[in-house]
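Okay, structure first, notes after.
A short reminder: the numbers here are calculations on the coordinates, not readings from a lab. Computed from a predicted model, the values in this text were never measured in an experiment.
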Amino acid sequence: MLSIQFTDFRKNASSIFSQVENGETVEVKRHGKTIAHIIPPIEQNENIPAWKRPGLRFSIKGEGLAQAILNERDEKDKEIG
């Protein structure tokens, strides 16, 4: 976190906001006391309601369900025949 005096903030606001855009958090002080924290913007996905966000996708390593069923059928055919 970058800490800066208020007078320096006024003089260098443009460069400080560029740092915030790049992910830096800035603490602004006046007379040694913190008066503000400037933080990067919240990601767009956090503003979207959960029901509109894409769902999680889970995957399991190994054969697929269809292939497992076919293999099981083959094993049963071998037992019978």
What is the extension gain from Gln5 to Ser18, computed as 0.36 nm multiplied by their sequence separation minus the C-alpha to C-alpha distance, in nm to one decimal?
3.0 nm
Starting from the Cα-Cα distance between Glu27 and Arg57, subtract it from 0.36 nm times their residue separation and give me the gain in nm to one decimal.
6.9 nm
Percent of all Cα-Cα pairs per 5 Å bin for the chain, counting from 0 up to the last occupied bin, reads 3, 12, 13, 10, 7, 6, 7, 6, 6, 5, 5, 5, 5, 4, 4, 3, 2, 1, 0
Bin width 10 Å, alpha-carbon pairs only: give the P(r) of segment 1-41 as whole percents, running from 0 to the bin holding the largest distance.
35, 57, 8
